[in-house]
Amino acid sequence: MAIIYEEATRQFHLSNNEISYIMRIMPNEQLGQIYFGKRVSDIGNTEKYFETIYRDMSPVVSQDDISFSLDQVKQECSVFGKGDLRQTAMAFTFSSGSHVTDFRYVSHEIFEGKKALPEMPAIVADRRKAAQSLWITLKDKHSQLELTLQYTIMADEGMIIRSFSILNNGSDNVELDSALSVNLDLPDSNYDAIMLTGAWCRERHVERFPLHRGIQQAYSLRGHSSHQYNPFLALIRPDGGEHQGEVIGMSLIYSGNFLGQVEVDNYDTTRILMGIHPTGFAWTLKEKESFQTPEVVIVYSDQGLNKMSQTYHRVFNNHLIRETWRKRERPILINNWEATYMDFNESQLIAIAESAKELGVDLFVLDDGWFGKRNSPQSSLGDWWPNPSKFPDGLERLSKRIHELGLQFGLWFEPEMVSIESDLYRRHPDWLLSHPSMTRSPGRYQYYLDLSKKEVVDYLYKKISLIIEGANLSYIKWDLNRSMSEVYSQGRLPDEQGMVYHKTVLGMYRLHDLLLQKFPDLLIESCASGGARFDPGMLYYAPQGWVSDNTDAVDRLKIQAGTSLVYPLSSMGTHVSAVPNHQTNRLSSLKFRGDVATFGTFGYELDSTLLTNSEQKEIKAQISFVKSIQPLLFDGTFYRLESPFSGNRTVWLVVSEDQTEGVIGIYRTLNQVNQGISMIKLKGLKESTCYELTCENYRERFYGSELMTIGLPVSGLFQESDFLSTIITMVEC
Ligand code: DGJ
């Protein structure tokens with residue numbers, strides 16, 4: 001791994017064994033992008049790679065060289081208003097009304113490790129040698145703005161982390177209208193785009209389409225990252241797939257409004273932009289104030305999507321998830337939501353906890369309905385104290401009983417919300433995010449609290465801390481059940497309103513930070529009506545997230561497969577629920593449901609007091625099996641071998657780092673009569689090692705080479721019916 005600056009050519013080369021990222025200082029002293037992709041071992045003067053050509057109508061940098069136009073060169077920091085007429089990463093408005101900037105290189109700094117970002121989640125790589133960073137400072141010729149482009153490269157990972165900060169050294173206010181973290185210009189447009197799209201109950205489905213001229217976007221203007229698009233996009237060569245072809249992935253470490261945009265211009269070059277969405281954003285930079293953008297993790301893979309995903313999994317597991325939970329097994333939990341919804345009493349909960357303990361569960365989670373006067377979604381958000389009609393003596397007695405059983409205790413919160421029907425709203429109507437004299441739009445009867453205000457975050461911290469301490473909680477489920485509208489912070493000045501979306505996100509991060517400082521072992525599971533805020537920003541605080549409110553195992557195959565494009569198995573909340581399924585009404589076997597949930601942070605979402613003896617027996621076996629393979633699932637390398645988006649069969653494989661063991665999940669949704677034997681070709685094994693493969697009635701030995709080239713024969717492994725699955729373990733023999 002190295003970051004090299006060559007004074008003679010004025011070019012930067014960030015490289016490791018996987019990738020090269022090359023840029024140079026252009027004649028106008030701005031930063032030009034040269035190359036991002038597979039490692040280049042030796043580079044000469046890269047000036048020859050610039051597209052310098054005279055084009056009618058394009059403004060040029062100077063009359064002395066009419067072939068040099070910002071409208072066509074590849075850039076690192078495109079800015080609106082000068083000569084780049086494409087959509088740009090940055091835009092400013094000065095007090096004069098001008099938008100023009102002319103940033104010029106001043107200096108750079110190369111250092112070991114990586115700095116943390118102020119107030120925001122970020123990749124952690126402070127150990128020497130694990131990472132190197134490059135900060136390049138540019139100054140605007142016409143103002144006192146100072147721009148710092150921030151890059152980090154890590155040893156052996158095909159990945160670059162990018163962000164920037166902007167500082168106003170002048171006395172005049174400057175408005176930052178757009179601050180997208182990344183601009184990456186590519187020399188051609190021969191790609192397909194991949195986005196993770198969806199809606200409630202069908203999150204993160206993989207959508208692939210060829211790039212076309214013009215603009216294509218993944219975005220959110222919902223105040224959170226959203227069901228609709230994940231803050232991720234990838235470009236893949238048209239002949240690329242899971243295991244072959246060049247891929248560039250971009251993942252934004254942020255949980256609010258975002259934009260991921262690809263623009264193919266009329267010369268077939270491609271510009272990718274990613275960062276905070278400029279709509280609804282206007283940040284006033286006063287004297288000596290600065291703005292920091294969130295980070296984008298840019299991954300390059302020369303072997304298709306699987307390799308891209310594996311890079312994201314390793315980097316997020318090792319450098320984003322908090323150290324306390326990094327690579328640590330997760331408690332097997334039972335959550336009462338689908339068992340009782342809000343209609344429960346203490347003895348019912350204790351009965352569920354007692355029966356769950358018998359099954360081998362570690363953690364009992366009490367979901368929505370335990371606080372204020374909450375018996376329906378219509379009231380009490382914000383009143384974080386025990387519901388007196390359900391817990392007349394508080395939560396302590398329930399907590400004591402749960403702990404006596406040897407279980408940990410967890411509770412549901414929706415900290416960012418307030419109901420009009422609540423003591424909190426009656427006391428602090430001005431804490432509601434909306435204009436006091438304008439109409440406002442309810443969502444699930446509730447509204448956003450204004451977390452851009454310090455006092456609101458402090459209040460929530462105090463109330464939630466009291467409950468965590470009093471009920472001795474090990475876990476909280478942090479939910480969010482509506483999107484933002486009418487975003488207006490009462491009492492703030494007009495020129496501060498454009499900062500509110502982002503400040504609420506920072507407030508939400510701060511609340512996480514405060515709670516985790518006080519309760520460092522607390523396990524937070526993020527949730528937003530299922531997976532509407534499943535993003536790397538949340539992953540920094542909450543090592544696992546509820547992937548979807550859809551607990552149907554057949555639908556979960558797609559949701560989990562899509563999620564795995566970016567997020568590791570250790571981050572996916574996957575539970576077994578009752579049948580008929582509450583969302584799809586589908587019947588599937590307990591085995592199928594368990595086998596699908598195995599590839600995530602396992603748990604149950606059902607009434608365990610209603611299980612038959614044989615179901616209890618099966619669940620006990622499921623739990624002890626999952627516990628035995630969790631370290632492998634969370635530490636190993638994950639392969640998507642067959643996709644639920646393209647056929648009837650889904651196959652997942654995890655291989656341990658030392659390639660001595662593995663686990664294969666095979667799922668077939670619809671029964672197909674009279675089929676032949678088909679082969680599943682495995683990956684990532686040692687060719688000459690003998691592996692023994694085992695599942696219920698099956699035991700067979702293969703060489704790694706056989707499994708990877710001829711494949712694993714399947715057919716006899718299945719009984720004949722719909723929704724069949726098997727999990728095969730493999731160990732070196
Ligand atoms: C939405 C979540 O996704 C569910 O799991 C559940 O916690 C409900 N909210 C509770 O209101």
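What the table shows:
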read-out: Distance between modelled label sites at THR340 and SER441, nm, 7 Å Cα→Cβ extension; value: 3.5 nm
read-out: The stretch 23-178: C-alpha gyration tensor shape, a/c 1.5 cut-off, then a/b vs b/c; value: oblate
read-out: Label zone at HIS142 (point 7 Å along Cα-to-Cβ), backbone N below 13 Å, the stretch 69-90; value: 79-84
read-out: Proximal aspartates and glutamates relative to LYS390, as straight alpha-carbon distance under 16 Å, when same-chain residues fewer than 8 apart are discounted; value: ASP343, GLU346, ASP367, ASP368
read-out: Cα→Cβ-extended label distance, 7 Å offset, between ALA2 and ASN697, nm; value: 6.1 nm
read-out: Between the stretch 644-683 and the stretch 49-89, the alpha-carbon center distance in angstrom; value: 50 Å
read-out: Global form of the chain, assessed from the alpha-carbon gyration tensor, a/c cut-off 1.5; value: oblate
read-out: DSSP-defined beta bridges in the chain - what % are antiparallel, rounded to 5; value: 80 percent
read-out: Stretchable slack from SER376 to LEU405, in nm (0.36 nm times residue separation minus alpha-carbon distance); value: 7.5 nm
read-out: Extension gain (nm, one decimal) between HIS99 and ASP521, 0.36 nm per residue minus Cα-Cα; value: 147.1 nm
read-out: Cα lying deepest toward the dipole's positive end in the stretch 587-733, options GLY647, LEU682, THR637, charges on Cβ; value: GLY647
read-out: Percent RCO, i.e. relative contact order, over the chain, from Cα pairs under 8 Å lying at least 6 residues apart; value: 10 percent
read-out: Whichever aspartates and glutamates have a C-alpha closer than 17 Å to that of LYS620, once near sequence neighbours (fewer than 8 apart) are set aside; value: GLU354, GLU358, ASP362, ASP595, GLU605, ASP607, GLU696
read-out: Distant-in-sequence amide H partners of ASN550 (H built 1.01 Å from N, under 5 Å); value: CYS201
read-out: Convex hull of Cα atoms in the stretch 643-733, direction-averaged projection (nm²); value: 5.7 nm²
read-out: Length-normalised contact order of the stretch 1-99 in % [C-alpha pairs under 8 Å, at least 6 apart]; value: 16 percent
read-out: Dipole in debye (nearest 20) - the chain, about Cα centre, beta carbon charges: Lys, Arg +1; Asp, Glu -1; value: 740 debye
read-out: Of LYS477/LYS558; LYS74/LYS453; LYS115/LYS327; LYS114/LYS627; LYS400/LYS627; LYS463/LYS627, those spanning more than 30 Å from alpha-carbon to alpha-carbon; value: LYS74/LYS453; LYS114/LYS627; LYS463/LYS627
read-out: Equivalent ellipsoid dimensions for the stretch 188-247 as semi-axes, Å, which come from the Cα gyration tensor, largest first; value: 23, 14, 8
read-out: 11 Å beta-carbon shell around LEU424, net charge (K/R +1, D/E -1); value: 0
read-out: Spin-label proximity, ASP268 to the stretch 204-248 - amide N less than 18 Å from point 7 Å beyond Cα toward beta carbon; value: 210-215, 236-240, 246
read-out: VAL673-ASN190 FRET efficiency (beta carbon distance; Förster radius 41 Å; 0.05 resolution); value: 0.45
read-out: Residue-wise HN-Hα coupling along the stretch 640-657, computed from phi with Karplus coefficients 6.51, -1.76, 1.60 (Hz; x: Gly, Pro); value: 8, 9, 9, 9, x, 7, 10, x, 7, 10, 10, 9, 10, 9, 10, 10, 5, 4
read-out: Table column - 3J(HN,Hα) (Hz), the stretch 550-558, Karplus curve with 6.51, -1.76, 1.60, x for Gly and Pro; value: 7, 9, 5, 5, 5, 5, 4, 4, 5
read-out: Restricting the stretch 85-121 to trypsin sites (Lys or Arg not before Pro) in coil, as DSSP defines it, with at most 13 other Cβ within 10 Å; value: LYS115
read-out: In order through the stretch 561-571: 3J(HN,Hα) via Karplus (6.51 cos²θ - 1.76 cosθ + 1.60), integer Hz, x for Gly, Pro; value: 5, x, 4, 5, 4, 10, 9, x, 4, 5, 9
read-out: Backbone N within the stretch 192-236 under 20 Å of label point (7 Å from ASP513 Cα along the Cβ vector); value: 224-225
read-out: Potential extension, ASP239-VAL106 segment - 0.36 nm per residue separation minus Cα distance; value: 43.7 nm
read-out: Shape of the stretch 309-450, Cα gyration tensor, a/c cut at 1.5; value: oblate
read-out: Label-point separation in nm, LYS617 to LEU493, each point 7 Å along Cα→Cβ; value: 7.3 nm
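Values quoted throughout were computed directly from the atomic coordinates according to the rules given, and no laboratory measurement underlies them. Everything numeric in this text was worked out from a predicted model, so none of it was measured. Neighbour counts are summed over all protein chains in view; Cβ atoms, including those assigned to glycine, are modelled from backbone coordinates with ideal geometry.
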